[in-house]
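Here's the structure, in structure tokens; my notes come after.
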Amino acid sequence: MQGVLKKVWMCKNSFIVTIDGPAGSGKSTVAKLLSEKDGFFHIDTGAIYRAVGFLFKGNPTKDDIENLHLEFYKNSKLTIMYNGKDMEGLIRSESVGFYASKCAKLSYVRDFVNQKAKDIAINGKFVIDGRDCGSVIFPDADLKIFLTAKIDERAKRRAKEINGNMDKIKKDIILRDMQDEKRNIAPLIRPKDAIEIDSTDMDIESEYLLIKKLIKEKYEDYNS
Ligand code: DC
């Protein structure tokens, strides 16, 4: 079965790297570097949950999702537009993160996000980050990373990123992690075949170089 799935990806000519992990572990930061320096197309699945969370404050109905017209543009990165407006500037706060995590419990929201990610990741090199990218969306990904860091370090990074209060952010991400780990559908888990990296004492450059080295090994296999 594994072999058959692998063939499907290869037919589509995609090389898929997934990076899963808790809030603030640096998934998107390292994925952005892989995109800028190595030509990977970055799909931030959390951004799609955030867009849904922002629009419906955490409580979309099935009808809301069926009628939702988000537009996705593949420029140098994935741009999510709603009513002609780029959503990036609206979705990065911790409160939107909380709404996103609430929406993420709903199966119809998860189906919507998973389908978008699968539709986009065709023909090319992709790095896809989130909570269930290696466990559910791309179970046959070429390389799976599970990125973690101690809670204080994660809170510090998020506080710097969004210019917020570290103690408040720490409480918020503990709550969000709990919600993401305890939900019934596609909870945050380390996929069995993922390589775990604890980035607590690593700077972003060493994290990037380590992941790049792992990718290089897999890419040689993939091309052989
Ligand atoms: O990666 P992020 O912090 O931007 O994600 C926001 C929320 O979206 C996260 O708390 C849970 C949800 N999410 C998810 O359930 N599955 C994913 N693959 C990505 C995000």
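Conditions tested, residue by residue: (1) of a type in the set (S, T, N, Q); (2) within 15 Å of the chain's Cα centre (by Cα); (3) farther than 16 Å from Asp20 by Cα.
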site	(1), (2), (3)
Lys144	no, yes, no
Ala149	no, no, no
Glu153	no, no, yes
Lys182	no, no, no
Met202	no, no, yes
Ser206	yes, no, yes
Ile211	no, no, no
Glu217	no, no, yes
Glu220	no, no, yes
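Residue by residue through the stretch 16-26, note down the ones that are farther than 12 Å from Lys144 by Cα and of a type outside the set (A, V, I, L, M, F, W, C). Correct list: Pro22, Gly24, Ser25, Gly26. Filtered by the rule that a residue be surrounded by fewer than 18 Cβ atoms within 10 Å (Cβ to Cβ) and more than 10 Å from the ligand (Cβ to nearest atom), the stretch 97-119 gives Ser107, Tyr108, Asp111, Gln115, Lys118, Asp119. Scanning the stretch 48-81 for residues that are β-branched (Val, Ile, Thr), surrounded by 14 or more Cβ atoms within 10 Å (Cβ to Cβ) and free of Cβ contacts under 8 Å to residues at least 12 places away in the same chain yields a single hit, Thr79.
Look at the stretch 155-175 and say how many of its residues are over 26 Å from Leu106 (Cβ atoms) and surrounded by fewer than 15 Cβ atoms within 10 Å (Cβ to Cβ). Residues flagged as over 26 Å from Leu106 (Cβ atoms) and surrounded by fewer than 15 Cβ atoms within 10 Å (Cβ to Cβ) within the stretch 155-175 amount to 7. Modelled with pLDDT of 95 or more, loosely packed, with under 14 Cβ neighbours inside 10 Å and either away from the ligand (no atom under 13 Å from the Cβ) or under 27 Å from Tyr219 (Cβ atoms) (or both): does that describe Asp86? Considered against the rule, which asks whether it is modelled with pLDDT of 95 or more, loosely packed, with under 14 Cβ neighbours inside 10 Å and either away from the ligand (no atom under 13 Å from the Cβ) or under 27 Å from Tyr219 (Cβ atoms) (or both), Asp86 comes out as yes.
Take the stretch 22-78 and flag every residue that is part of a loop (DSSP other than H, G, I, E, B), within 11 Å of the ligand (Cβ to nearest atom) and of a type in the set (Ser, Thr, Tyr). Answer for the stretch 22-78, where residues must be part of a loop (DSSP other than H, G, I, E, B), within 11 Å of the ligand (Cβ to nearest atom) and of a type in the set (Ser, Thr, Tyr): just Ser25. Selection of first residues in the stretch 33-44 that are on the phi > 0 side of the Ramachandran plot and of second residues that are more than 16 Å from the ligand (Cβ to nearest atom) and of a type outside the set (S, T, N, Q), restricted to Cβ pairs under 8 Å at least 6 apart or on distinct chains, gives the following pairs, ordered by first then second residue: Gly39/Lys125. Look through the stretch 176-189, keep the residues that are in contact with an Asp or Glu (Cβ under 6 Å, 6 or more places away or on another chain) and touching a residue at least 60 places away in the same chain (Cβ under 8 Å), and return whichever of them is surrounded by the fewest Cβ atoms within 10 Å (Cβ to Cβ). Among those residues, the one meeting the criterion is Ala186. Of the residues in the stretch 195-213, not one is surrounded by 13 or more Cβ atoms within 10 Å (Cβ to Cβ), of a type in the set (Phe, Trp, Tyr) and either touching a strand residue (DSSP E or B) at 6+ places or on another chain (Cβ under 6 Å) or free of Cβ contacts under 8 Å to residues at least 24 places away in the same chain (or both).
The values are calculated or read from the model by the stated rules, or taken from the named source; none is laboratory data. Predicted model only: the values in this text are computed from it and were never measured. Positions of Cβ are backbone-derived with ideal geometry, glycine not excepted, and every protein chain shown enters the neighbour counts.
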